[in-house]
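Undergrad: This is the structure I want to talk about, given as structure tokens.
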Amino acid sequence: MICRKCSNPATVNIRKEYCYCNECFISMINHKFRACIGKNKTLSANEKVLICLSGDGSSTVLLDLIYNAISLNNHKKLRVVPYFLHIIEAVSDNENISNTIIEQCKNYGFTVTVVNIKEYYKNILCNTGELENQNSNNSKSILSDVPSSIGQDVVAKMKQNIFVKVSKTLDCKSIFTAETTTTLATKLLSNIAIGRGSQIENDIGFADKRDSNVKILRPLKDISNEDIQCYLKVKDIKPAKCMHNKLNETSLQSVIKNFVMDLQENYPATVSTICKTADKIGSVTNNFNKKKCKVCQSILDNNDSKLTAVDATMFSRQVSSIPSRISIHNEDKQNIEGENNLMFPFIYESLCYCCSRNVSELGDPLLHILV
Ligand SMILES: [Zn+2]
Ligand SMILES: [Zn+2]
């Protein structure tokens, strides 16, 4: 085996096809990272950027790539001022993870802001009086580690919410997250499965521009989990959190994650094809003066007069709960879209389908903490 760049003996074999020596592999990954930021031209010189570190392999590599890129002394130098953020999630060994991240950042000469997701939202609930008013079952279920499909979706939105709020207090106009080709492929398929298909452009593309002041950017989107594992191995870096384990949970997202991991193992080219498909899905409508979902800021485009799957679900609910004859016409459709709609509260008024379903499952406190 010979390195495809320099013809020295190869040490790394990517996708069972491309061979590199250690040096060429590391410089290839650094180049992919810089090229992804460069070609999207979204950063201005010396901009403050908030970098979100979860502690898994990809975020550990992101930390190393940032350090390398800002330490350069040539025209390839990344001219940003990095700020680092770690969110403590509701998992068992969260203390170890955050200590390791703090230690890692210290070794690079960086400091990191740490936010505990439970404490953060408990404070908001206390301030709004929700914690006492509600029979705190609802608030508890939002803040506990729920492995359900809805729980995972809500926690992802909560984290995104904290990213944006912290970046505003630090005056950062951009956020970097460490999603790889592999995680984005999983997210794409999950989005479609849980009813966020219309939000793919912002959830999977390079830039999420739903917040008018802060952009979320994904500079690792052309790097796969296999690349990440090799990078960690070659540079002998240990991530704070293991990313390799298959999940034994039963949520839709975990099932899809396991499916994508199998794909990557056996048909490695397929995963990047999934993401390239997402790049081609853009919004065709113009986004000005459109109503937006209060929780996730996606466009509520419901001018379509045709009946949708949501209407069908609500209709079945009505006919099975009210024993009278009901026919569904467009006038009836207006009736079921109001706030009194118990199955999908505020749907198309101020919430998208998925956020409305989350609120109906987890209760109103969700609105207080996410809006
Ligand atoms: Zn080489
Ligand atoms: Zn929404």
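The values are calculated or read from the model by the stated rules, or taken from the named source; none is laboratory data. Values in this document were obtained by computation on a predicted structure and should not be read as measured data. Ideal geometry is used to build each Cβ from the backbone, glycine not excepted, and the neighbour counts take in all protein chains shown. Note: accessible area is taken over every heavy atom of the protein model, side chains too, but ligands, DNA and RNA are not part of it. Shrake-Rupley method; radii C 1.70, N 1.55, O 1.52, S 1.80 Å.
Undergrad: Select from region 47-62 the residues that are open to solvent by 10 Å² or more (accessible area, probe 1.4 Å) and small (Gly, Ala, Ser) and list them in ascending order.
TA: 54
Undergrad: Report whether or not residue 222 is on the phi < 0 side of the Ramachandran plot, charged (D, E, K, R) and open to solvent by 40 Å² or more (accessible area, probe 1.4 Å). Outline the logic, then answer.
TA: Details: on the phi < 0 side of the Ramachandran plot: yes; charged (D, E, K, R): yes; open to solvent by 40 Å² or more (accessible area, probe 1.4 Å): yes.
Yes.
Undergrad: Which one of the conditions (1) at pLDDT 90 or above; (2) in a helix (DSSP H, G or I); (3) touching a His at 6+ places or on another chain (Cβ under 7 Å) does residue 114 fail to meet, given that it meets all the rest?
TA: Here residue 114 clears every test but (2).
Undergrad: In addition: Going by what's in this entry, would residue 289 be described as modelled with pLDDT of 65 or more, open to solvent by 70 Å² or more (accessible area, probe 1.4 Å), away from ligand 1 (no atom under 16 Å from the Cβ) and not in a helix (DSSP H, G or I)? Walk me through how you get there before you give the answer.
TA: On the way: modelled with pLDDT of 65 or more: yes; open to solvent by 70 Å² or more (accessible area, probe 1.4 Å): yes; away from ligand 1 (no atom under 16 Å from the Cβ): yes; not in a helix (DSSP H, G or I): yes.
Yes, satisfied.
Undergrad: With respect to residue 216, is the statement that it is surrounded by 18 or more Cβ atoms within 10 Å (Cβ to Cβ) and touching a residue at least 60 places away in the same chain (Cβ under 8 Å) true? Working first, answer last.
TA: On the way: surrounded by 18 or more Cβ atoms within 10 Å (Cβ to Cβ): yes; touching a residue at least 60 places away in the same chain (Cβ under 8 Å): no.
Judged against the criteria, residue 216 is not a match.
Undergrad: From 51, 66, 29, grab the single residue that is in contact (Cβ under 8 Å) with a residue 40 or more places away in the chain and assigned to a strand (DSSP E or B). Walk me through how you get there before you give the answer.
TA: Values: 66 fails: assigned to a strand (DSSP E or B); 29 fails: assigned to a strand (DSSP E or B).
On inspection, the qualifying residue turns out to be 51.
Undergrad: Sticking with this structure for a sec: Which of the numbered conditions does residue 252 fail, given that it passes all the others? Conditions: (1) within 26 Å of residue 16 (Cα to Cα); (2) open to solvent by 50 Å² or more (accessible area, probe 1.4 Å); (3) touching a residue at least 40 places away in the same chain (Cβ under 8 Å).
TA: Of everything listed in (1) within 26 Å of residue 16 (Cα to Cα); (2) open to solvent by 50 Å² or more (accessible area, probe 1.4 Å); (3) touching a residue at least 40 places away in the same chain (Cβ under 8 Å), residue 252 misses just condition (1).
Undergrad: Applying the selection to region 315-371, what residues are at pLDDT below 80 and in contact with a Phe, Trp or Tyr (Cβ under 6 Å, 6 or more places away or on another chain)?
TA: 328, 337, 339, 369
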